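Novice: Dumping the structure here so I can ask a few things about it.
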Amino acid sequence: MNLCNNGKLLCDLRKSKGMTQKQVAEKLGVLPKTVSKWETGHGFPDTSLLADLAKILGVSIDTLLSGALSPNAEEVGNFRKIRFYVCPHCGSIMHGMGEFHITCCGKQLAPLKASEDNTGHKISVERIENDFYITIDHEMSKEHYISFVSYVSCDRVLTVKLYPEQDSSARFPVLYGGKLYYYCSRHGLFEYDERKKFHVMSRG
Ligand SMILES: [Zn+2]
Ligand SMILES: [Zn+2]
């Protein structure tokens, strides 16, 4: 067990929940100092606290023990289920999890299939303080532009709508892990598949 990894994970998970060390400590009935020690790798929660801590952070005990999010568990939970819909008539954008029917402008919409971007668009992900700056190298003319960028993490979906003649960039708060999607008005939905890289950057 590498306590540094475990501590880093605890810290990332806590932040992704928007909680302070004090809040976690209070819920567990320990001192904030204790949580700080865990997060800096100078100790690990007692077994008696693990179940509660896992619940607070929304992961399994195994995940806390492993010090990394399992690629088949929490981290990909929502990425697999997310569906995006764009109405070809009015351009409305909708998304949701799981199977359901969406109708717009009198027509039922089919979920978009995200593909890997082989068009050579360059995407840069830059971390500035607590935000990611996403920039996509793509034209932004009325005929052909990136119309939205979505950042899907394990427990939320953030979408930034873009318009022609604007920059093709978006800013998101840093969440733990996550995956990017963006939609080109001509070529459809793409997923940013360099997840590992994105992931590493997300851990600062
Ligand atoms: Zn519509
Ligand atoms: Zn395009």
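Novice: Collect the residues in region 79-92 that are away from ligand 2 (no atom under 16 Å from the Cβ) and not in a loop (DSSP other than H, G, I, E, B), keeping them in residue-number order.
Specialist: Hits for region 79-92 are 79, 80, 81, 82, 83, 85.
Novice: Take region 145-175 and flag every residue that is within 21 Å of residue 96 (Cβ to Cβ), in a loop (DSSP other than H, G, I, E, B) and not acidic (Asp, Glu).
Specialist: Matches in region 145-175: 153, 154, 156, 162, 175.
Novice: Output the residue which, of all residues in region 127-143 that are under 15 Å from residue 178 (Cβ atoms) and away from ligand 2 (no atom under 16 Å from the Cβ), is surrounded by the most Cβ atoms within 10 Å (Cβ to Cβ).
Specialist: At the first step, the residues of region 127-143 found to be under 15 Å from residue 178 (Cβ atoms) are 127, 130-134.
Now narrow it down to the ones that are away from ligand 2 (no atom under 16 Å from the Cβ): 127, 130-133.
On the way: 127: 13, 130: 10, 131: 13, 132: 20, 133: 13.
Out of the qualifying residues, it is 132.
Novice: Which members of region 107-123 meet the condition of being touching a residue at least 12 places away in the same chain (Cβ under 8 Å), out of contact with any Leu (no Cβ under 9 Å at 6 or more places or on another chain) and farther than 22 Å from residue 81 by Cβ?
Specialist: Once the filter is applied, which keeps residues that are touching a residue at least 12 places away in the same chain (Cβ under 8 Å), out of contact with any Leu (no Cβ under 9 Å at 6 or more places or on another chain) and farther than 22 Å from residue 81 by Cβ, region 107-123 yields 107, 119, 121, 122.
Novice: While we're here: Criterion first (of a type in the set (Val, Ile, Thr), closer than 21 Å to residue 160 by Cα and touching a helix residue (DSSP H, G or I) at 6+ places or on another chain (Cβ under 8 Å)) does residue 125 satisfy it?
Specialist: Answer is yes for this residue.
Novice: Continuing with this model, one more query. Which pairs do you get when a residue that is closer than 17 Å to residue 7 by Cβ and without any contact (Cβ under 8 Å) to a residue 24 or more places away in the chain, found in region 54-68, comes within reach of a residue that is surrounded by fewer than 20 Cβ atoms within 10 Å (Cβ to Cβ) and of a type outside the set (Gly, Ala, Ser), reach meaning Cβ atoms under 7 angstrom, with the pair 6+ apart or on two chains?
Specialist: Within 7 Å, the pairs are 54/61; 61/50.
Novice: Only one residue in 75, 39, 99 is surrounded by 17 or more Cβ atoms within 10 Å (Cβ to Cβ) and at pLDDT below 85. Which one?
Specialist: Numbers: 39 fails: at pLDDT below 85; 99 fails: surrounded by 17 or more Cβ atoms within 10 Å (Cβ to Cβ).
Of 75, 39, 99, the one residue that is surrounded by 17 or more Cβ atoms within 10 Å (Cβ to Cβ) and at pLDDT below 85 is 75.
The values are calculated or read from the model by the stated rules, or taken from the named source; none is laboratory data. Remember, it's a predicted structure, so these values are computed and weren't measured experimentally. Neighbour counts run over all protein chains shown; Cβ positions are idealised from the backbone, glycine included.
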